[in-house]
Each structure stands twice: as C-alpha cells, then as structure tokens.
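This report refers to the structure that appears directly beneath it.
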Amino acid sequence: MSFQILGTGAYTPEKILTNDELSSLVDTSDEWITQRVGVKERRISVCESAAEMGAKAAQRALDAAGITAEQLDLIVGATVSADCICPSMSAMVQKQIGAHCPAFDVNSACSGFLFALDTAAAFLERGGIQYALVLGAERLSRIVDWTDRSTCVIFADGAGAFVIAKGENYLGSHLFTQGGDSVLHIPLGRGNSPFYEKEEQPLAVHMSGQETFKFAVTQIENDLKLIANQAGIDLSEVSWIVPHQANYRIIELAARRLRIPIEKFVLNLEYYGNTSSASVPICFDSLVRSGKLKKGDLIALCAFGGGLSSAACLIRW
Ligand code: UT7
C-alpha cells in the first residue's frame, strides 16, 4: 500500500489567544500553561467553521500539488468539531473548493488525520483513482467548555491537508483503538426527545488529563517501534518525527523513552496548541515549507487521542 505526497497546506484563523488573555477567562496563568503544557498562544476561529478552514488548507495543498479541485477523485476528512453532523465536513469542503468527487469524514479524534490518510491510501491501492485530498479540520473552540481550565487552555482551531497520489513513499502504518468513553468523551448533548430516561451530558470535551497523558506516551513509543519494525528500519534512521501537538511533556517523555533526540520532533504547539486532527498536517506542512526536508528523508507521523485511539505511519520524502 503506498502513495506519494504531492502537496501540503495549512490554515489557522487570525485571532491569537495568548495565555495571559486566557488567564482573564479562567483561573490559570501563563506560567502554569507554559510549564505543564508548553503552549504560549493558540488560534481561535471567530467566524469560520471547520469546513471553511479545511477548504482554505485544501486549496493551499492543491496549489502546492499543482492540480485543481476538479481533478480530485476522493476527499477523506477528519474532524470532531464540524458545524453539523450532516453534511460531513468533507462534503462542505468539496463544495467550497469546487471538487466533484466522493467526500466523507472519519472520526478518530486527534488520530483522525492518520486514520483518514490510511483510508485514502487503501483507496489508491485498490485502484481506479488518481488524486486524493486528505484533511483534518477543527473548530474545537466551539466544543470546549470555556469554564473548564483543564481543557480550554490546550485546545485550538485550524486545518491541515495533503494531496496524495499513487506512489512508493508510504512505508508502513499502524492504527490502534481501545474503545471506551471513560477517559475522553465529547457527548453531543441531547435533543428534545420525550422518551429518554437518562439525563445526558452537555456538549463539551470531557477529558481525564492524566489518563490521556499516560496513554499518549505509551502509544507514541509502541506505535513508532511497530512501524519501524514493519518497514525493517531502525528508528534512529528516521530524520523527523511529526507528533500530535498535545503537550510538550508528552513528546519529551516519549522521546526520552525511545532514545530519540528531541530535536528530531517537529514542534509548533507553542504557537498553535492542540488542534486535534488538524495538528499533524499543520505541523507537517510547516516542516515541508521550512525547506529542511531532503529527498529520501524518513519521516514518522504519530497521533493519539479520543477513542481511545492512536496511529503512526512512516513516509519517505
Ligand atoms: O489531544 C487529545 C489528547 N489529549 C491530551 O493528550 C492531553 C493529555 N493531558 C495533558 O496534557 C495534561 O494532563 C493536562 C495539561 C490536561 C493537565 O496537566 P497535568 O499536569 O496532568 O495537571 P493535573 O490535571 O494533574 O492537575 C494538576 C493541578 C491540579 O491542582 P491541584 O488539584 O493539584 O491543586 C489542577 O486543578 O493543576 C491544576 N490545573 C490548573 N492550574 C492552573 C489544571 N488545569 C490548570 C490550569 N491552570 N489550566
């Protein structure tokens, strides 16, 4: 199963919310957030939906790939914070960029982009399609509880996208799900059914931070070892690792356990926070545009989050 990346794109909304500004909303401080999470500021959408941000990232990826939206054969998107359940975020992106291909979303929370990428890879492998757009787009600011300081300080908004085509550069992938809603749960909130007997939780991110933290460190370690084994390489051969940007301490601990220098981990959470499914493609796009990538470089992508889920893949540039 393989593909090559033809172009990447990212979009983050203009509004910057600093830790100091957040401190006037909830009982927190720049010092706490910087030390415990590693975020200094994040982007917040004041009017754009996940799909609108996704369409902008998608257009940038199309421009980088040098193809038009009409040439796309498939759109697979990932989101947990679209404006509606139906149509899918990807269907809205399809309309906004002017594509005509099938479009659907996968939901695997912060690992969603890598689940979507693997899904598109399988379509390319099956044959009959040439170009696929894969994107992660989130407006998490609409679903966090802005009175809950344990979540509203970490999540943020943005979108990232890849345009891919059949090729030989996807060397291995691993998807993992440990089902259950006790650690991380985003309920929809109830409608007005007169028949429900149980009171439902309101729409908001409910997260046990420490449990998620432990899961994340373990999964980064396990998943990266697995994909390296799968591809028959040693992890030391990987030039760059693009991890889900959830918490600097998670990444640092995983790096230490894997004995990989932290410098190999691409980081942007200081400026963008945790954008869930958008975090890996936004960060990957910054690596591409930094000019640091050399042909032949091995890049590992990894993510973890609600589901619980985790995923990793290995790409040759
Ligand atoms: O993307 C989806 C995956 N999500 C993640 O990967 C998140 C993983 N978890 C984390 O990043 C961290 O667990 C958090 C950043 C969410 C929390 O950090 P922590 O170091 O695990 O803090 P904690 O929950 O153990 O809380 C420690 C203390 C508590 O106070 P007491 O009980 O010791 O007095 C909290 O009430 O820190 C307090 N606290 C805060 N204080 C100031 C929690 N949030 C804040 C805050 N500002 N924003």
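The values are calculated or read from the model by the stated rules, or taken from the named source; none is laboratory data. Model, not experiment: these values are computed from the prediction. Cβ placement follows ideal geometry from the backbone for every residue including glycine, while neighbour counts extend to all protein chains displayed. All accessible areas refer to the heavy atoms of the entire protein, side chains included, with ligands and DNA or RNA removed. Shrake-Rupley method; radii C 1.70, N 1.55, O 1.52, S 1.80 Å.
The listed residues are SER182, SER290, and the only one of them that is more than 16 Å from the ligand (Cβ to nearest atom) and out of contact with any helix residue (DSSP H, G or I) (no Cβ under 7 Å at 6 or more places or on another chain) turns out to be SER290.
Does any residue of region 84-103 turn out to be modelled with pLDDT under 95, away from the ligand (no atom under 16 Å from the Cβ) and either of a type outside the set (Phe, Trp, Tyr) or at positive phi (or both)?
First, the residues of region 84-103 that are modelled with pLDDT under 95: 84-85.
Next, from what is left, pick out any that are away from the ligand (no atom under 16 Å from the Cβ): 84-85.
Then drop every residue that is not either of a type outside the set (Phe, Trp, Tyr) or at positive phi (or both), which leaves 84-85.
Checking region 84-103: at least one residue is modelled with pLDDT under 95, away from the ligand (no atom under 16 Å from the Cβ) and either of a type outside the set (Phe, Trp, Tyr) or at positive phi (or both).
Residues in region 185-200 that are open to solvent by less than 80 Å² (accessible area, probe 1.4 Å) and more than 12 Å from the ligand (Cβ to nearest atom) were compared, and the one that is farthest from ARG139 (Cα to Cα) is SER193. Given the structure, is GLU41 more than 16 Å from the ligand (Cβ to nearest atom), charged (D, E, K, R) and open to solvent by 10 Å² or more (accessible area, probe 1.4 Å)? For GLU41, the condition - more than 16 Å from the ligand (Cβ to nearest atom), charged (D, E, K, R) and open to solvent by 10 Å² or more (accessible area, probe 1.4 Å) - is not met. Of the residues in region 243-266, how many are within 17 Å of PHE113 (Cα to Cα) and within 15 Å of the ligand (Cβ to nearest atom)? Matching residues across region 243-266 total 4. Given (1) in contact with a Leu (Cβ under 8 Å, 6 or more places away or on another chain); (2) closer than 22 Å to ILE227 by Cβ; (3) not hydrophobic (A, V, I, L, M, F, W, C), identify the lone condition not met by GLY180. Going through the list (1) in contact with a Leu (Cβ under 8 Å, 6 or more places away or on another chain); (2) closer than 22 Å to ILE227 by Cβ; (3) not hydrophobic (A, V, I, L, M, F, W, C), GLY180 breaks only (2). For region 130-152, the count of residues that are modelled with pLDDT of 95 or more, closer than 28 Å to LYS294 by Cα and over 20 Å from the mean Cα position of the chain (by Cα) is at least one.
For residues that are hydrophobic (A, V, I, L, M, F, W, C) and assigned to a loop (DSSP other than H, G, I, E, B), scanning just region 201-223, find the one that is surrounded by the most Cβ atoms within 10 Å (Cβ to Cβ). Outline the logic, then answer.
Initially, region 201-223 is screened for residues hydrophobic (A, V, I, L, M, F, W, C), giving 203-205, 207, 213, 215-217, 220.
Those left that are additionally assigned to a loop (DSSP other than H, G, I, E, B): 203-205.
Values: LEU203: 14, ALA204: 18, VAL205: 23.
By that ranking, first place goes to VAL205.
Screening the candidates LEU301, LEU287 for the property of being open to solvent by less than 30 Å² (accessible area, probe 1.4 Å) and free of Cβ contacts under 8 Å to residues at least 60 places away in the same chain yields one hit, LEU287. All told, SER150 meets the bar of being surrounded by fewer than 24 Cβ atoms within 10 Å (Cβ to Cβ) and within 14 Å of the ligand (Cβ to nearest atom). Scanning region 13-38 for residues that are buried (at least 18 other Cβ atoms within 10 Å of the Cβ), more than 13 Å from the ligand (Cβ to nearest atom) and farther than 18 Å from ALA82 by Cβ gives a single hit, LEU17. Just one of (1) open to solvent by 10 Å² or more (accessible area, probe 1.4 Å); (2) under 16 Å from the mean Cα position of the chain (by Cα) fails for THR8. It is (1). Residues that are among the small types (Gly, Ala, Ser), open to solvent by less than 10 Å² (accessible area, probe 1.4 Å), more than 10 Å from the ligand (Cβ to nearest atom) and in contact with a Leu (Cβ under 7 Å, 6 or more places away or on another chain) occur in region 226-239; there is at least one.
From the list PHE123, PHE162, PHE115, the lone residue that is of a type outside the set (Asp, Glu) and either open to solvent by less than 20 Å² (accessible area, probe 1.4 Å) or within 30 Å of LEU25 (Cα to Cα) (or both) is PHE162. If I filter region 63-79 down to residues being within 20 Å of the chain's Cα centre (by Cα) and surrounded by 24 or more Cβ atoms within 10 Å (Cβ to Cβ), which single residue comes out as farthest from TYR248 (Cα to Cα)? Filtering first and then ranking leaves ILE75.
Of all residues in region 29-49, those that are on the phi > 0 side of the Ramachandran plot have Cβ atoms under 7 Å from Cβ atoms of residues that are open to solvent by 30 Å² or more (accessible area, probe 1.4 Å) and away from the ligand (no atom under 11 Å from the Cβ), 6 or more apart or on another chain, in GLY38/GLU270.
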